[in-house]
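Colleague: Here it is, the structure, as structure tokens.
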Amino acid sequence: MPIQTARHINLRSVLRQLEREGIVGYEEQAQHLGNVTMQRLAAMDHGAPIDVLFAEHVEWALHRRRGWMDELHDHDPLDA
């Protein structure tokens with residue numbers, strides 16, 4: 001599976017988790033994650049490339065190990 005595909009699936013999971021936590025909409029989610037504008041976050045959620053620096057930032061912000069964004073995660077608590 002291409003890395004971009006995994007990153008997009010994982011970004012969608014991250015955004016769903018943030019919504020469950022009450023952080024709704026690209027503006028609030030971008031502010032919470034930091035290091036990204038709401039426009040860029042929306043673009044990535046709709047298929048724009050997710051660069052390595054942003055992927056690593058999400059991993060750091062969510063206390064995930066390096067490389068987490070580049071892999072698929074069956075039964076990951078983030079998807080619960």
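The values are calculated or read from the model by the stated rules, or taken from the named source; none is laboratory data. Source: prediction; values computed, not measured. Here Cβ is always computed from backbone atoms with ideal geometry, including for glycine, and neighbour counts include all displayed protein chains. Note: areas computed on protein heavy atoms with side chains; ligands, DNA, RNA excluded. Shrake-Rupley method; radii C 1.70, N 1.55, O 1.52, S 1.80 Å.
Colleague: Go through region 1-35 and count every residue that is touching a Phe, Trp or Tyr at 6+ places or on another chain (Cβ under 8 Å) and acidic (Asp, Glu). I'd like the intermediate steps shown before the answer.
Modeller: Let us first name the residues in region 1-35 that are touching a Phe, Trp or Tyr at 6+ places or on another chain (Cβ under 8 Å), namely 10, 35.
Still in the running and acidic (Asp, Glu): none.
Residues meeting the conditions: 0.
Colleague: Is there any pair with a first residue in region 9-26 that is more than 16 Å from Ile50 (Cβ to Cβ) and a second that is assigned to a helix (DSSP H, G or I) and open to solvent by 40 Å² or more (accessible area, probe 1.4 Å) whose Cβ atoms are under 6 Å apart and which are 6 or more apart or on different chains, and what are they?
Modeller: Between residues of region 9-26 that are more than 16 Å from Ile50 (Cβ to Cβ) and residues that are assigned to a helix (DSSP H, G or I) and open to solvent by 40 Å² or more (accessible area, probe 1.4 Å), the close pairs are Ile23/His32.
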